[in-house]
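The structure appears below as structure tokens.
Read-outs: derived from the displayed coordinates by stated rules, not from any lab. Because the structure is predicted, anything quoted here is derived from the model rather than measured. Here the Cβ positions follow ideal geometry from the backbone for every residue, glycine too, while neighbour counts run over all protein chains shown.
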Amino acid sequence: MADDIIEVKPEIAATAHIDAAKLAAMVAAEARDAEAFWRTEMGRVAWMKEPTKIKSVDFTGDVSIKWFEDGVLNASVSCLDRHLARRGDQVAIIWEGDDPNSDAKVTYRELHKRVCKLANAMRRLGVKKGDRVCIYLPMIVEAAVAMLACARVGAIHSIVFGGFSPDSLSSRIQDSECTLLITADEGRRGGRKVPLKANADEALLTCPSIRHVVVAKNTGGAVEMMAGRDHWWDAITSGEGETCEPEPMSSEDPLFILYTSGSTGKPKGVLHTTGGYMVWASFTHENVFDYRDGEIYWCTADVGWVTGHTYIVYGPLANGATTLMFEGVPSWPDNGRFWQVCAKHKVNIFYTAPTAIRALMRDGEAPVRKHDRSSLRILGSVGEPINPEAWLWYYRVVGDERCPIVDTWWQTETGGILISPLPGAVAQKPGSATLPLPGVKPALVDNDGNLLEGATEGNLVMLDAWPGMMRTIYGDHARFGQTYFSTFKGMYFTGDGARRDADGYYWITGRVDDVINVAGHRMGTAEVESALVAHPAVAEAAVVGMPHEIKGQGIYAYVTLKAGVDSTEALRKELVAWVRKEIGPIATPDAIQWAPGLPKTRSGKIMRRILRKIAANETEGLGDTSTLADPGVVQELIDNKVG
Ligand code: WT7
């Protein structure tokens, strides 16, 4: 099955932006003269001052990455103003509510107006270029408006996913010292309400940097408003003008910070800048999805993740697309919701995560077949490896064997897609992200950093920069170098392992560090561990990923209790609830095993390799356990495995 090849369909190649010959020409042109290649591509965004310097990159020493550095632009102008003459009345955002009876359409002209009004209000509240603004919103149009209004005034937005807890919100606000928070009364998901303002109020008890809070009225639920600090969105924007002078931003001025988990410590603030990111967002959105004028494009991600940043807002709007924003979940009111929305809005391009596909597969073909999917042309997958079985179901049942699937590999750090087939140019193999895009230089290295040639398996690195890559970790450039460029000197280390086949196709095998991917959500095992040990009953905790049929990986926690604490079922439930409260529901442990002892080396290091194998029921080849301080604990853990 893994060897299936789905050739490019001639009818798709004939009309696609890029066919195999064009792709080969692009790759060759980029290899011959990268600067000339990107000098042409930079025309995708609207510059106030055209750059003359294209690329200046050093992956060694202090690590410095600059693209189009002497150019000046404003991202909101590329997404809005320049479309007004031709597309003012075209729908920019189709909003589809959690409730199937609520939706809205916002034209480019209307969006521009709403962005300008909020941007003016933000300036009035004292927000200036370079200030950090936290956005904690549900999937409502206001989220896109808030992002673009920040860009308009040169403020750096930091979006925190609405499913994160008050603690997680607070630590992110603190780390980047945000001065403004934009939130809503409540969010809606799957028929339930999410108390965003109440969460924010709790978070703000420990956020002295916040001076103002703008609150969008979404559900109308009751909230407390603190006089002088909190302002209703409508009240504060209603009197503002409908135009707003965009802040001239240098290409390397920051556009946004987005926190993501690493293998150690607290989440890091991945920083993206303006020019290179916007060029990459536009380049990849147009080419990977073969986006054509007038098409309806739907990415099901949340704007709280990078996928939502690049492929709901910045990429599609830069390309003058109609982008669909969905507030709900795939399973509510029933498991046909995705396909009902596709039929209702005649979606042409649909981009979702493998975890959703696997969950829907379980319910069979009927909920899919019930809805008209004839508008669909391209299907996309992102967030984790898609197993061939799920790939083929997506292809056969959802796409009726008509729509190419683009399995897009990328990361928060990469800003946009790096490895993916182009629908009109690259034959697909179910389960493979296939080939790098032009300008992307992946390589596989062994654990000593030696480059591996041909068909092989190893650590996935990038040998050179592309315009959309992150520039630093906010406030900690040393950690940036340490995290990404020190494992393998002079190379960007992705943290992923991959196999490359004889055709040069990449097959991502998953993280090789202590990061796990739960339903496409990235989590540091260290974060879950520190949440667990913060509970008074817990002495020590070790968290690993375990295989999970739907979520890809589940969270498996080994917990050592303090002396005298009883390992009861009630305590187990309490710890699960505790982690949900500390981090958020996405970090809910799937299994907690009581561990009187953990396998440690004599120097005290926990041997996670062993814990991962026990959690995965792979206790046959546990490897060498002779270096353990107490080899006996391993058998104890195997005997008491949960599930
Ligand atoms: C990690 C990045 C990319 C935006 C959403 C996730 C995994 C992502 C794929 C794919 C196999 C994938 C990797 C990567 N991943 N896409 N198509 N095939 N693995 O962004 O939260 O920064 O996570 O997601 O392990 O390192 P993220």
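Work out the FRET efficiency for H371 and I550 from their Cβ-Cβ distance, taking R0 = 30 Å, and round it to the nearest 0.05. It would help to have the intermediate numbers written out before the result.
Values: r = 22 Å, r/R0 = 0.72.
Efficiency computed from Cβ-Cβ geometry: 0.90.
Using r as the Cβ-Cβ distance of S263 and D89, and R0 as 51 Å, what FRET efficiency do you calculate, to the nearest 0.05? Each step should come with its number before you reach the end.
On the way: r = 49 Å, r/R0 = 0.96.
It comes to 0.55.
Quick one: putting +1 on the C-beta of Lys and Arg, -1 on the C-beta of Asp and Glu, what dipole do you get for the stretch 339-427 around its Cα centre, in Debye to the nearest 20? Let's see the in-between values first.
Details: 10 positive and 9 negative charges, 83 e Å.
I would put it at about 400 debye.
Calculate the tail of P(r) for the stretch 257-321: the fraction of all Cα-Cα distances greater than 18 Å, expressed in %. Display every interim value, and only then the final one.
Details: 842 of 2080 pairs.
Tail fraction, whole percent: 40.
Over the stretch 410-552, what number does the Rg to Rh ratio reach, with both radii from the alpha-carbon atoms and Rh per Kirkwood?
Working: Rg = 17.0 Å, Rh = 16.9 Å.
Using only Cα positions, Rg/Rh for the stretch 410-552 is 1.01.
Quick one: length gained pulling D476 to W594 fully straight, 0.36 nm per residue minus the C-alpha distance?
On the way: separation 118, 0.36 × 118 = 42.48 nm, distance 3.68 nm.
Working it through step by step, the gained length comes to 38.8 nm.
Give me the net charge for the shell around P246: Cβ to Cβ below 12 angstrom, other residues only, Lys and Arg +1, Asp and Glu -1. Provide the component values of the computation, followed by the final result.
Numbers: positive: R82, R123, K129, R152; negative: D81, E245, E247.
Here the charged neighbours net out to +1.
Given N residues in the stretch 159-315, what is its alpha carbon radius of gyration divided by 2.2 N^0.38 Å?
Working: Rg = 17.5 Å, N = 157, 2.2 N^0.38 = 15.0 Å.
So the stretch 159-315 has a normalised radius of gyration of 1.16.
What are the residues whose amide H is under 5 Å from the amide H of R292, where those residues sit 5 or more places off or on another chain and H is modelled from the backbone?
For R292, no residues qualify.
Using only the Cα atoms of the stretch 1-99, each taken as one equal point scatterer with no solvent, compute I(q) by the Debye sum, divide by I(0), and report log10 of the ratio at q = 0.20 Å⁻¹.
-1.07
Based on the Cα gyration tensor of the stretch 427-508, what are the three equivalent ellipsoid semi-axes, each the root of five times an eigenvalue, rounded to whole Å and given largest first?
Details: eigenvalues 119, 44, 20 Å².
Output for the stretch 427-508: semi-axes of 24, 15, 10 Å.
When only Cα pairs under 8 Å and 6 or more residues apart are kept, what is the percent relative contact order across the stretch 193-249? Walk me through the intermediate numbers first.
Working: 28 pairs, mean separation 17.2, N = 57.
Reported relative contact order: 30 percent.
Report the calculated FRET efficiency for D630 and S486 (r = Cβ-Cβ distance, R0 = 35 Å), to the nearest 0.05.
Working: r = 33 Å, r/R0 = 0.94.
For R0 = 35 Å, the calculated efficiency reads 0.60.
In terms of Cα to Cα distance under 16 Å, which lysines are near enough to K573, apart from those fewer than 8 places away along the same chain?
Within the straight-line limit of under 16 Å, K573 reaches these lysines: K581.
Tabulate in residue order the Karplus-calculated ³J(HN,Hα) for the stretch 459-466, using 6.51 cos²θ - 1.76 cosθ + 1.60 with θ = phi - 60°, rounded to whole Hz; enter x for Gly and Pro.
Each residue's phi maps through the Karplus curve to give 7, 8, 10, 10, 8, 8, 8, 10 Hz.
Amide H neighbours of W95 under 5 Å, at least 5 residues apart or on other chains, H built in the peptide plane: list them.
Long-range HN contacts for W95: A104, K105, V106, M325.
Where in the chain are the DSSP H helices whose alpha-carbon span along the long axis reaches 15 Å or more and whose Kyte-Doolittle mean is at least 1.6?
Details: long enough: 20-32 (18 Å, 0.82); 108-124 (24 Å, -1.03); 141-153 (19 Å, 1.68); 166-176 (16 Å, -1.05); 275-288 (19 Å, 0.01); 569-582 (20 Å, -0.61).
Answer set is 141-153.
Can you tell me which of 570-583, 307-320, 290-303 comes out highest on packing, and rank the rest after it, using the mean Cβ neighbours within 10 Å?
307-320, 290-303, 570-583
How big is the chain by the Kirkwood estimate over distinct Cα pairs, in Å? Spell out each step's value before the answer.
Details: mean 1/r = 0.0394 Å⁻¹.
Evaluated on the chain, it is 25.4 Å.
Between the stretch 496-542 and the stretch 299-320, how far is it from one alpha carbon centroid to the other, in angstrom?
When both Cα centres are located, 24 Å separates them.
Restricting attention to the chain, give the cysteines that have no other cysteine Cβ less than 4.7 angstrom from their Cβ.
Isolated Cys, the chain: C79, C150, C207, C299, C342, C403.
In debye, nearest 20, what is the charge dipole magnitude of the stretch 478-592 about its Cα centre with +1 on Lys and Arg Cβ and -1 on Asp and Glu Cβ, if you could check?
Numbers: 12 positive and 14 negative charges, 54 e Å.
Dipole of the stretch 478-592, to the nearest 20 debye: 260 debye.
Enumerate the calculated ³J(HN,Hα) couplings along the stretch 66-81 in order (Karplus 6.51 cos²θ - 1.76 cosθ + 1.60, θ = phi - 60°), each rounded to whole Hz, writing x wherever the residue is Gly or Pro.
Karplus values, whole Hz, x for Gly and Pro: 9, 10, 6, 4, 9, x, 10, 7, 9, 4, 5, 5, 5, 8, 10, 3.
Would you work out which of H212, S56, T274 lies farthest towards the positive end of the dipole of the chain? Charges go on Cβ: Lys and Arg +1, Asp and Glu -1.
Value: H212.
For V406, list long-range residues whose amide hydrogen, built 1.01 Å from N in the peptide plane, is under 5 Å from its own amide hydrogen.
Long-range HN contacts for V406: L379, G380, S381.
Can you give me the convex hull volume of the Cα atoms of the stretch 192-272, divided per residue and expressed in Å³? Intermediate values should be presented prior to the final figure.
Working: hull volume 14.9 nm³, N = 81.
Per residue, the Cα convex hull of the stretch 192-272 comes to 183 Å³.
Do any GluC sites (Glu not before Pro) in the stretch 454-563 lie in a DSSP loop with no more than 12 other beta carbon atoms within 10 Å, and if so, which? Intermediate values should be presented prior to the final figure.
Working: sites: E457, E527, E529, E540, E549; in loops: E549.
Here the sparse-neighbourhood loop sites are E549.
Please give the contour-minus-distance gain from N640 to T40: 0.36 nm per residue of separation, less the Cα-Cα distance, rounded to one decimal in nm. Intermediate results must be reported in sequence, preceding the final value.
Numbers: separation 600, 0.36 × 600 = 216.00 nm, distance 6.11 nm.
This chain segment gains 209.9 nm when fully extended.
Just for the chain, what percent of DSSP beta bridges are antiparallel, to the closest 5?
Roughly 60 percent of the beta bridges in the chain run antiparallel, per DSSP.
Once the principal axes of the Cα atoms of the stretch 560-643 are found, what is the range along each, listed largest first in whole angstroms?
Each principal axis gives a Cα extent; for the stretch 560-643 these are 38, 28, 23 Å.
Below 30 Å, Cα to Cα, which lysines can K113 reach? Residues fewer than 8 away in the same chain don't count.
K49, K105, K128, K129, K193, K197, K217, K344, K346
Please list, by residue number, everything in the stretch 270-314 whose backbone N is under 16 Å from a paramagnetic label point 7 Å out along Cα→Cβ of R32.
none
Report ³J(HN,Hα) in whole Hz for each residue of the stretch 292-302, in order, from the Karplus equation J = 6.51 cos²θ - 1.76 cosθ + 1.60 where θ = phi - 60°; Gly and Pro get x.
Running phi through 6.51 cos²θ - 1.76 cosθ + 1.60 with θ = phi - 60° gives 10, 2, x, 7, 9, 10, 10, 10, 7, 5, 9 Hz.
For the stretch 516-643, what relative contact order do you get, as a whole percent, if you take Cα pairs closer than 8 Å and at least 6 residues apart?
Numbers: 197 pairs, mean separation 28.6, N = 128.
Value for the stretch 516-643: 22 percent.
Starting from 0.36 nm per residue, how many nanometres of slack lie between E401 and A198 once their C-alpha separation is accounted for?
Numbers: separation 203, 0.36 × 203 = 73.08 nm, distance 4.67 nm.
Going from the current span to full extension adds 68.4 nm.
At each listed q (0.15, 0.19, 0.23 Å⁻¹), what is the log10 of I(q)/I(0) that the Debye formula gives for the stretch 303-394 modelled as equal alpha-carbon point scatterers?
Treating every Cα as an identical point scatterer, log10 I(q)/I(0) equals -0.60, -0.99, -1.41.
When the distances between all Cα atoms of the stretch 517-601 are binned every 10 Å from zero, what whole-number percent does each bin get?
18, 54, 25, 2
With a cut-off of 8 Å between alpha carbons and a minimum separation of six or more residues, what is the relative contact order of the chain in percent?
Averaging sequence separation for qualifying contacts and normalising by length gives 13 percent for the chain.
Across the stretch 54-115, how large is the tail of the calculated P(r) beyond 18 Å, expressed as a percent of all Cα pairs?
Values: 1092 of 1891 pairs.
Tail of the P(r) past 18 Å holds 58 percent of the pairs.
Mind listing the Cα extents of the stretch 383-447 along all three principal axes, in Å, largest one first?
39, 26, 21
For the stretch 349-431, list log₁₀ I(q)/I(0) at each q in 0.17, 0.22, 0.24 Å⁻¹, using the Debye formula over Cα point scatterers of equal strength and ignoring solvent, two decimals each.
-0.66, -1.06, -1.24
Taking a quarter of the surface of the Cα convex hull of the stretch 39-172, what do you get in nm²?
On the way: hull surface 46.0 nm².
If you wrap the Cα atoms of the stretch 39-172 in a convex hull and average its projections, you get 11.5 nm².
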